[in-house]
Amino acid sequence: MAVQLFQRTLGSLLAITLLISVIGSTRVQAASSCFNEAGAVNGTVVLDPGHGGSDPGTSNSTSATPPVLLVEKEVTLDIANRTKDLLVNANYKVCMTRIDDTSMGNSERGEYANSVGGTVYVSIHLNGSSDPAVNYAKAFFGKRNKDESFAKHIYQNGLAPALVGPYGVTGSSVGQFANGALLQATMESTLTESVFLTNDNEADRLADTTTASNRRNQIAQALFTGINSWAGTKPTSSSSNPGPKR
Ligand SMILES: [Zn+2]
């Protein structure tokens, strides 16, 4: 009797554990999505809107009255969506690590990029500093052999020409960052810090979501230009993969 009860309890526990794991994996799948599944000819770009859920990232308030609070996790998701639209229009398949306000670990982001067969992985962040005057553009690589050339390309052909110069944004080229997603992802990967959200003038620019040349569109266009021009630097593969990037 006692053994039967124990077995039944064990069975129930196993069923509950299984149910929780199914719900957990469903939640992850629902929170991340791929776009342009059928029409992609130029490869699969994994876009990672930085932060999310319980991790807001950095933040700043605008000079408007009343001030508007800008939170990094919300702005990065919006910039990622704008970048996604540009890439889809240019015949890329785009997979996003999150499409809503979901918490994700860095390793989880890298594993997701691998699971969707990403050609490249681009994490989108806005930088933060205790000095509100600081504002520069930077791209990070994880593993030197795998990522450094790609990070440099995104910086030199995307971020720098679009963002460095106007409004006093300085350049900072690339740096190494042992970020879990960059290390976990097997494809060429970079983490971009295009501008500083903590810069007060930049916060005012980033608050604009509507005018055609708004700051979010400028950053999305810069990322798109960098990613799209990277394809042209890769030798054409003779394998069955039709993408120009390996
Ligand atoms: Zn960030």
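For this structure, a couple of remarks:
- Taking 0.36 nm per residue of sequence separation and removing the Cα-Cα distance, the A64/D200 pair yields an extension gain of 47.9 nm.
- Counted residue by residue at 0.36 nm each, then reduced by the alpha carbon distance between them, the extension gain from S229 to S172 reaches 18.5 nm.
- Remark: the V41-A133 segment gains 28.9 nm on full extension, using 0.36 nm per residue and subtracting the alpha carbon distance.
- Normalised contact order of the range 29-231, rounded percent, pairs of Cα under 8 Å and 6 or more residues apart: 27
- Cα-projected label distance for K143 with A212, points at 7 Å along beta-carbon direction, nm: 4.4
- The local environment of P56, defined by Cβ-Cβ distances under 10 Å, has a net charge of -3 under the rule Lys, Arg +1 and Asp, Glu -1.
- Within the range 73-189, the proportion of Cα pairs with more than 20 Å between them is 47 percent.
Since every read-out is calculated from the coordinates, none of them should be taken as a lab result. Remember, predicted model here, so these are calculated numbers, not experimental data. A quick note on method: Cβ atoms are made from the backbone with ideal geometry, for glycine too, and the neighbour counts reach across all protein chains shown.
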